[in-house]
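The structure under discussion appears below in the form of structure tokens.
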Amino acid sequence: MKRGMNERVQKLRQQSLTTKPRISMERAVLVTQAYKKYAGKVSIPVLRALTFKYLCENKTICINDGELIVGERGPAPQATPTYPELCCHTLEDLKIMDEREKISFKVDEESEKIQEKVIIPYWKGKSIRDLIFDQMTQEWKDCYEAGIFTEFMEQRAPGHTVEDGKIYKKGFLDFKKEIEKEIEKLDFINDPEAYDKQEQLKAMAISCDAIIRFAERHAEKAEEMAKNETNPVRKKELEEIAKVCRYVPAHAPRNFREALQMYWFVHLSVITELNTWDSFCPGKLDQHLYPFYKKGLEDGTLTRDKAKELLECFWVKFNNQPAPPKVGITLEESGTYTDFCNINIGGIKPDGSDGVNDVSYLLLEIIEDMRILQPSTNVQISRKNPDEFIIKAAEVIREGMGFPSVFNTDAVVEELLRQGKSLEDARCGGTSGCVEVGCFGKEAYILTGYFNLVKVLEITLHNGIDPRTGKKIGIETGDPTKFNSLDELLGAFKKQLHHFIEIKVRGNNVIERIYAKYMPATFMSIIIDDCIKKAKDYNAGGARYNSRYIQAVGIGSITDCLSAIQYHVFDKKNLSFEKLMEILNANFEGYEKERLLLLNKTPKYGNDDDYADNIMIKVFNIAHDEINDRSTVNGGKYRIEMLPTTCHVYFGAVCGATPDGRKAGVPLSEGISPVQGADKNGPTAVIKSASKMDHLKTGGTLLNQKFTPKILEGREGLEKMKDLIRAYFKLDGHHIQFNVVNADTLRDAQKNPEKYNNLIVRVAGYSDYFNNLNKNLQDEIIERTEHQRF
Amino acid sequence: MTQGIIFNIQKYSIHDGPGIRTTVFLKGCPLECWWCHNPESQKVKQQFIFWHNKCIGCMDCEKVCPERAISFNKNGFYNDKSKCKFCEKCAEICPSGALELVGKKSSLDDVIKEVEKDRVFYEQSGGGVTFSGGEPLVQIDFLDSLLCASKQKGLHTAVDTSGYTSWGNIERIKDKVDLFLYDIKHMDDEKHKIYTGVSNQLILENLKKLALDGKKIWVRVPIIPSINDDDLNIQRTCEYISSLNLRDVFILPYHNIAVDKYKRLNMGYRISDIQVPKDELMKKIADIFKGYGFNVKIGG
């Protein structure tokens, strides 16, 4: 039975939705003060820890009216801090943030003044961003500007990790004890790293103090508010808040409410310490909460309704924290307020058994009730999970918000095992961000940047030259018009790819060390195994497992391009290679007939047609073999990932006309989905094509499907959706997500945005308000083939 | 028979039998129902569909035709049927897809290979293959071969039929068919003749024999407002089905999405004034069926 949100939750939700994101200078100012106070006097890890502690001791404490779970990253909901130690914004940046049409942040005059007088004078030339760009080679910069790849760490810190449940069993006093024990064990006589380890451990201990103090200040604030509160009900609530904050996070939580508050303080700490990518994530929330839920119901201290209210208050907290403001290419690749906390529901337990419990169903109900952007949610589907769980999830998906997305837990486990994780660690893992696999609580699995496959093909077709700029940024792999087969072309492509991946990896290796040396994450390191045991920071390879990803974009587009060349140039000889190049260089102007021929009469990926799909397999394998298993400088391995966020739009903008009939500047295909509109045989054909890629060799793939609401009507519609999902997962598909909305509705929304303020759609690995997307992305989503059958 | 004329293979068919299915549409039908939403299926022979709005006037079709059967006049594309040998070259070359050939000569192997591609979905959902049309029994030899091959592959088979065929034909295939989707369009023979072009006697007799034989049958009744939706016809339909001890009935609301197809095929559409039935009407009719104890579903 659906009950909907109660009045308290409605109010909190409304406040979260209607408050405009704005820039808060508080963090920047405090960080600057802390650096002025400590920099040069202490080791880097200790400096970072003291800075974090300074923030916890001095930032404004905010307890919003009516809320039960407390704590904000900024001084108020939607007040978003900046991280000048990573990226020191120019005044021009602030102006753009304030004025841009999409994903804007209000910047008031006062903030601008602070930036000019306090922040810029201290940080200019000293931020990580400055350091990175200073260290990158000219060829790296050329590639970066050409749109060959993007760089994740130029404005935001690595993160990409997830909580695994340990914070429900240990408090930060316990963690501190563990850390102190490790300090005692240090062997300064025989271990040349003893000093470094000591500094790291000291810093982690300081970070434990910091989060405890942060919570205490909330308790103090709540007590003070309670004193002045005239409403007796609220007074009692505030006293309860104070009690909770005095207990967690110093100690392990004892009940459902403390568990939620515990997580929330940890979450805030991670995203206050640094602006980690994908913020942070509670991972398998249903499994972590279930023991508290069960105990509460049994001893009468909790009801289902109360649990739901607390969870909904918890949900609002995520939505109050938009992703930190991005600029430039980082904004292009990830143009959204969403910060990619992606809660896992269902799946399996560490012993491999069915992990679905009552809280799983409760969470699905909450997603449907809340209809807010953050947190993102997904269901983890194992063959061991009941069909009913998928049906319930499908019911929520049918509502059309793009939540939850759907993952194949069995494939996730296999992917992790293939990467060398232990069985238990693999089963404790899941997916986060968009679609990335990781061992929760034990792995740093860091995305390093998107990689433009189509651009590399374009440069191959121009023998090393980027036709957009005329610059030679590739290597000479031969005049393609002299090639006699597709394999020859693929051989040249492979060489170009190798050239560009090496440039990317060279850059990554420098950036990885910059973070390891100058930007340790001493708080986050406490909760990721085995940073304490190894006395090594998360950013320096302290985690048990370390993976770095390069995310390949445009597999659908490049497949269709190569298929068009194979079909029309080599097989049917409808066009000579010279003619094709002439047509592409003219961006099809004067060649509409040829464009239509390439567009309409080419076997394309997404139709279960081996002609095209075999080319996809070849390209995927080339990219995989180039990236996979390369070593990283902090002791990890490289893997390939097949997801785009919003980067397929940016990457399309830098690519000229392509042999699949796509005009210059048009978005590329996203994830492993077919080119928008190229799939003409329905969803089963798409699934078959997509599953010809060996997903188990990746760290995640992303498949988007659009359905009209009509096709999902009734129990039968849901059953069919479930069967599609099950079948895809039988074929080792990694992930599938659904947009359930009519193209007509989207077109109307484009024309009348004011009517559709609440229209949430699936983008790529996350959902967003349709109105928040730029026009290109809106068009692209409308273009995605809509599956409907009578 | 190892070759036939197929005009479509529809993946993810979810309204032509249980589960996720692939529907193979065989060309040719002895009926000419006024509301037919696949008018391109009526003739066995291949046909051209021409989309005026898509044509860019490149004339490549004319140039490529070895029989010189294609020309353009003031109405656009013209195909001289006396010359055309349906070599398919023109449709293949047409860059915009303005020229479409309806009906493809397909081998048994090609069709079965295509059908088998979605096996994983059939097995997951309890689906299979459905042979539809046109009237699939028009190409009885090819249909029989398709059914044999499907059963050999262990697929669940359904045949969507008008029932207008000799009992001998049905007898020949019935043991290879797991489910018949069987249309009853009108109980009044005169009206049946007017609106479909043929008598309903054979159809009703065949249905009776098939039911007596114990075959699994889903009866499908299209609801065409003002043609067959009157209470009397609905009741007579119910009584007939009831007398055969059949249980599963699908009532399919008329839809007019085919209007444009008629234009592209240069065919007249005789019921352009008829509106799509309202939900209330469908519910009311469903209730009448339910009154007779049937499992009734609206749509598919």
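Observations, loosely collected:
- Residue match in the stretch B:100-112 (condition: away from chain A (no Cβ under 14 Å) and closer than 30 Å to A:ARG715 by Cβ): no
- Taking the conditions (1) away from chain B (no Cβ under 14 Å); (2) part of a helix (DSSP H, G or I); (3) in contact (Cβ under 8 Å) with a residue 60 or more places away in the chain in turn, A:ASP744 satisfies each one other than (3).
- Among the residues listed as A:LEU12, A:LEU30, A:LEU68, A:LEU94, the single one being over 30 Å from A:ASN758 (Cα atoms) and at pLDDT 95 or above: A:LEU30
- Of residues in the stretch A:586-610 being facing chain B (nearest Cβ under 7 Å) and of a type in the set (D, E, K, R), the one surrounded by the fewest Cβ atoms within 10 Å (Cβ to Cβ): A:GLU592
- Residues that are closer than 25 Å to A:GLN261 by Cα, in a helix (DSSP H, G or I) and aliphatic (A, V, I, L, M), drawn from the stretch A:32-69: A:ALA49, A:LEU50, A:LEU55
- Selection from the stretch A:446-500 of residues that are under 30 Å from the mean Cα position of the chain (by Cα) and either at pLDDT below 95 or of a type in the set (Ser, Thr, Tyr) (or both): A:THR448, A:TYR450
- All conditions but one from (1) more than 16 Å from the chain's Cα centre (by Cα); (2) under 21 Å from A:ILE627 (Cα atoms) apply to A:GLU424; the one that does not is (2).
- If you go through the stretch B:252-300 and keep only what is under 29 Å from B:SER41 (Cα atoms), in a loop (DSSP other than H, G, I, E, B), more than 14 Å from chain A (Cβ to nearest Cβ) and not hydrophobic (A, V, I, L, M, F, W, C), you end up with B:ASN266, B:GLY268, B:TYR269, B:ARG270, B:SER272, B:ASP273, B:GLN275, B:PRO277, B:LYS278.
- Residues that are surrounded by fewer than 24 Cβ atoms within 10 Å (Cβ to Cβ) and in contact with a strand residue (DSSP E or B) (Cβ under 7 Å, 6 or more places away or on another chain) within the stretch A:391-401 comprise A:ARG398, A:GLY400, listed in sequence order.
- Unique match (being in a helix (DSSP H, G or I) and either under 23 Å from A:CYS434 (Cβ atoms) or of a type outside the set (Val, Ile, Thr) (or both)) among A:GLN750, A:GLN676: A:GLN750
- The set of residues in the stretch A:645-654 being assigned to a loop (DSSP other than H, G, I, E, B) and surrounded by fewer than 24 Cβ atoms within 10 Å (Cβ to Cβ) consists of A:VAL654 alone.
- For the stretch B:56-88, a tally of residues being under 20 Å from A:ASN600 (Cα atoms) and loosely packed, with under 15 Cβ neighbours inside 10 Å returns 6.
- The stretch B:57-99, subset small (Gly, Ala, Ser) and within 14 Å of chain A (Cβ to nearest Cβ), residue farthest from B:LYS151 (Cα to Cα): B:GLY57
- A:ILE183 vs. criteria in a loop (DSSP other than H, G, I, E, B) and either more than 18 Å from A:LYS170 (Cβ to Cβ) or free of Cβ contacts under 8 Å to residues at least 24 places away in the same chain (or both): no
- Unmet requirement for A:ASP732, which otherwise passes all of (1) under 24 Å from the mean Cα position of the chain (by Cα); (2) surrounded by 24 or more Cβ atoms within 10 Å (Cβ to Cβ); (3) more than 9 Å from chain B (Cβ to nearest Cβ); (4) of a type outside the set (A, V, I, L, M): (2)
- Test: residue in the stretch A:396-407 that is more than 28 Å from A:GLU713 (Cβ to Cβ) and part of a loop (DSSP other than H, G, I, E, B): no
- The set of residues in the stretch B:191-222 being under 19 Å from B:ILE285 (Cβ atoms) and either in a strand (DSSP E or B) or of a type in the set (D, E, K, R) (or both) consists of B:LYS191, B:TRP218, B:VAL219, B:ARG220, B:VAL221, B:PRO222.
- Meets criteria (touching a residue at least 40 places away in the same chain (Cβ under 8 Å), within 14 Å of chain A (Cβ to nearest Cβ) and surrounded by 16 or more Cβ atoms within 10 Å (Cβ to Cβ)) for B:PHE25: yes
- Selected residue (criterion: farthest from A:TYR445 (Cα to Cα)) from residues of the stretch A:258-302 that are over 18 Å from the mean Cα position of the chain (by Cα), in a helix (DSSP H, G or I) and hydroxyl-bearing (Ser, Thr, Tyr): A:TYR293
- Any hit, the stretch A:198-215, residues being at pLDDT 95 or above and in a loop (DSSP other than H, G, I, E, B): no
- The stretch B:185-197: number of residues that are crowded, with 17+ Cβ neighbours inside 10 Å and within 23 Å of B:GLN139 (Cβ to Cβ): 2
- Checking each residue in the stretch A:158-172 for being touching a Phe, Trp or Tyr at 6+ places or on another chain (Cβ under 7 Å) and hydrophobic (A, V, I, L, M, F, W, C) picks out A:VAL162, A:ILE167.
- Some residue of the stretch A:382-402 being closer than 23 Å to A:LYS442 by Cα and in contact (Cβ under 8 Å) with a residue 40 or more places away in the chain: no
- The stretch A:685-722 - residue that is closer than 13 Å to A:ILE390 by Cβ and charged (D, E, K, R) and, of those, farthest from the other protein chains (Cβ to nearest Cβ): A:ARG715
- Residue satisfying condition, being of a type in the set (Ser, Thr, Tyr), in contact with a strand residue (DSSP E or B) (Cβ under 7 Å, 6 or more places away or on another chain) and either within 14 Å of chain A (Cβ to nearest Cβ) or over 30 Å from A:ASP732 (Cβ atoms) (or both), within set B:TYR164, B:TYR182: B:TYR182
- Here the stretch B:41-53 is the region considered, the condition is being modelled with pLDDT under 90 and in a helix (DSSP H, G or I), and the residue that is surrounded by the most Cβ atoms within 10 Å (Cβ to Cβ) is B:HIS52.
Table: residues versus (1) in contact (Cβ under 8 Å) with a residue 12 or more places away in the chain; (2) buried (at least 24 other Cβ atoms within 10 Å of the Cβ); (3) more than 13 Å from every other protein chain (Cβ to nearest Cβ).
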residue	(1), (2), (3)
A:LEU724	yes, yes, no
A:ILE736	yes, yes, yes
A:ASP748	no, no, yes
A:ALA764	yes, yes, yes
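- If you check A:ASN774, A:ASN681 for being away from chain B (no Cβ under 13 Å) and either out of contact with any Leu (no Cβ under 8 Å at 6 or more places or on another chain) or farther than 21 Å from A:ILE397 by Cα (or both), only one passes: A:ASN774.
The values are calculated or read from the model by the stated rules, or taken from the named source; none is laboratory data. Only a predicted model underlies this, so the values are computations on that prediction, with no experimental measurement involved. Because the Cβ atoms are built from the backbone with ideal geometry, glycine has one as well, and the counts that use them run over all protein chains shown.
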